[in-house]
Amino acid sequence: MHHPQIVVFERDGRLADQVRPLAATERWVVRESRQVEPLWQLLQAGGPTVLVVKVGSPPDRDLMLIERVSWQLPDVATVAVGDLEAAAVLSGLAWDVGAAFALFPPQSRDMLSDIVAGMMRRAIRDSIGPIPAAGAP
């Protein structure tokens, strides 16, 4: 099994800084990318992965990325994070294009680490597969 990774796609590093304490505690890796192609290479490396995407302005590129990941890498759980004025509309669009969670106002960004932790634990559990019952061959 590859090492669990949290991959953050944003311009300023703030979200990555926010999930680093969680990753350190859990011994997960935090990787950052600001460009799509290097990001894609990180995501294709395999292993349990949670992708955190900061939906910026304009949001088109970020939403298209979420959609591409949801179609081509369905095992990667994606969290869309935003703080734009049209939060309600963008949150709905993020869900529509395949985000596993959309964290937009009025929700607090303080929830990000808990959301990522839950998604990663599920991804790890799913990558291990079912555990046979005692006495099963």
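Nothing in this text is a laboratory measurement; each read-out follows from the coordinates by a stated rule. Just so it is clear, the structure is predicted and the values come from calculations on it, not from any experiment. Cβ: placed from backbone, ideal geometry, glycine included. Neighbour counts: every protein chain shown.
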One point scatterer per Cα, no solvent, Debye formula: log10 I(q)/I(0) for the chain at q = 0.10, 0.12, 0.20, 0.21 Å⁻¹ comes out as -0.32, -0.45, -1.18, -1.30
So the angle from the long Cα axis of helix 14-26 to the longest Cα principal axis of the chain, reported in degrees to the nearest 10, equals 10 degrees
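Once you list every other residue whose beta carbon is under 15 Å from the beta carbon of residue 45, what net charge do they have if Lys and Arg are +1 and Asp and Glu are -1? Display every interim value, and only then the final one.
Working: positive: 31; negative: 32, 37, 75.
Once all neighbours under 15 Å are counted, the net charge is -2.
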Between the Cα axis of helix 87-96 and the main Cα principal axis of the chain, the angle (0 to 90°, nearest 10) is 40 degrees
The set of residues whose placed amide H lies less than 5 Å from the amide H of residue 7, leaving out same-chain residues fewer than 5 positions away, is 31, 50, 51, 52
